[in-house]
Amino acid sequence: MTISRRSFLASAAALAAGPALGAIPASGWVDVAIIGAGAAGIAAARRVAEARRSFALIEASDRVGGRCITDIRSFGAPFDRGAHWIRQPDVNPVTKLAGRSGLDLYPAPLGQKIRIGQRNARESEMEMFLATLVRANRAISEAARRKTDVACALALPKDLAPWRFTIEFVLGPYGSAKELTEISAMDFAKAERDRDAFCRQGYGTLLARIASTLAVQLSAPATAIEWGQRLTVQTPKGTVSARAIIVTVSTGVLASGKIKFTPDLPKSYLNAADKLKLGTYERIALDLPGNPLGLATDEVVFEQSENTKTAALLANVSGTPLCFVDVGGSFGRDLAAQGEAAMTAFALDWLGGLYGTSLKKAVRAARATQWNKEPWVLGAWSSAAPGAQSARRTLMEPLRDRVWFAGEAVHETRWGTVNGAWDSGMRAAEEALRKMGALKEAEKPKGRR
């Protein structure tokens, strides 16, 4: 991926725009209180700082990044526990800020391998798989155009064998963190996912580097929000009063009741969060020195599966010995519930079935994620239930022009991505700033009232 001189200069200017009014303590008065220091919260804080207004960026955990975090300690190499694929790098605002970060971004290789038993699929078999995948995608898009928001599974052609389980995994648990029976065809069809890139030092490292200019109050979970006569956020470290509040927590946390709203959140918002439930996507990372699988850097491998107990492999991540075995959907949820040991055992057995059981001896270390158990996340990312694609629009509406919501779930086309979360955080910040008079009203196109 190339970065032009113009985009580099814009990135440098953006990275230099730290919190203009200095560090804000967790307790006090600010223009904007921002709950959550993931991509949406970071974007919102940067936009408020750029407008020369004060903010409090409040984070429940002891780190920034939300569902985008790079673990260096487990393997001594970057291990992205959450988001790893940098979607749409040419237009992704996060990659546009990477010019001055000193980190290495590069295009993700195209294509993938398919294993049939312990051999690679032949060229004719790959052509059949890809043609079947195109037909399945097209069928879902056609169903969405009929304006009847059915489940993706109902839109699939009936003649997908022998690739049905593989196609359902690639489009469902792997691509959307849920089974296709649980996903709105309209929501799926709206998603923008073309082109990808990777950060050699980790996507979480990149996001943390961008956030390094911001004052963040860590380990300060928001426990209550008052949005009646007063506008306050309560945390164990103090209470923040604000002119506007931006809430960037996941739909899982929003629906859990971990944050008490006074007055109560309207039922329409709670229903929207419920219809945008987080799916399951977990990762088992294996340290496999010596490349015993014989795969290229960042090579993706699926299998021609005979059931739903399948996974995806990303080999030799960024040129390291790390290999990611990713599981999702109902099977991923059930497997993760059994614990890290069971997840590692599955990954080794699954790879053994594809490449031979002798590779188990080559594993130097293993780690597995548990996003469903992360108390301030409670899952992977959102996808709309059948008939509920409009729930995203509901969460885009502010409460009395005082409380805004942001995050990957609050984006109609880039849901489930870091760039979607970032865009929604920017949108919420600009709307809040405009409401308090810090920005000019957006000009309306000619001919509109």
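Quick notes on this one:
- Burial order of peptide ranges 324-334, 34-44, 370-380 (average beta-carbon count within 10 Å, highest first): 34-44, 324-334, 370-380
- Per-residue ellipticity at 222 nm, computed for the chain from helices alone with -39500 (n - 2.57) per DSSP H run of at least four residues, works out to -9000 deg cm²/dmol.
- Cα extents for the range 227-300 along the principal axes, largest to smallest and rounded to whole angstrom: 64, 31, 19.
- Average accessible area per residue (Å²) across the chain - probe 1.4 Å, nucleic acids and ligands excluded: 43
- Within the chain, longest stretch free of exposed GluC sites (Glu not before Pro) [DSSP loop, at most 14 other beta carbons within 10 Å]: 1-305
- For the range 40-96, the alpha-carbon coordinates run over 41, 31, 15 Å along the three principal axes, in decreasing order.
- Estimated Rh, the range 314-449: Kirkwood, alpha-carbon pairs, angstrom: 18.8
- Rounded to 5, percent antiparallel among DSSP beta bridges of the chain: 60
- Kirkwood estimate for the range 350-406, i.e. one over the average of 1/r between Cα atoms, Å: 16.1
- Put simply, the amide H of A51, placed in the peptide plane, has no neighbours under 5 Å, leaving out anything fewer than 5 places away on its chain.
- Here the scattering of the chain is modelled by Debye summation over its C-alpha atoms, one equal scatterer each and no solvent; at q = 0.07, 0.12, 0.13, 0.14 Å⁻¹ the log10 of I(q)/I(0) is -0.35, -1.03, -1.20, -1.36.
- Extension gain (nm, one decimal) between S219 and R135, 0.36 nm per residue minus Cα-Cα: 25.5 nm
- For the range 229-315, with all protein chains in place and a probe radius of 1.4 Å, 45% of the accessible heavy-atom surface sits on carbon or sulfur.
- Net +/- balance of residues flanking L103 in space, Cβ distance below 14 Å, scoring K and R +1, D and E -1: +2
- Listed residue pairs exceeding 30 Å between alpha carbons, taken from K113/K360; K96/K258; K113/K158; K309/K361: K96/K258
The values are calculated or read from the model by the stated rules, or taken from the named source; none is laboratory data. Not measured: the values here are computed from a predicted model. Every residue, glycine as well, gets a Cβ built from its backbone with ideal geometry; the counts of neighbours run over all protein chains shown. The area values use the complete protein model at the heavy-atom level, side chains included, leaving out ligands, DNA and RNA. Shrake-Rupley method; radii C 1.70, N 1.55, O 1.52, S 1.80 Å.
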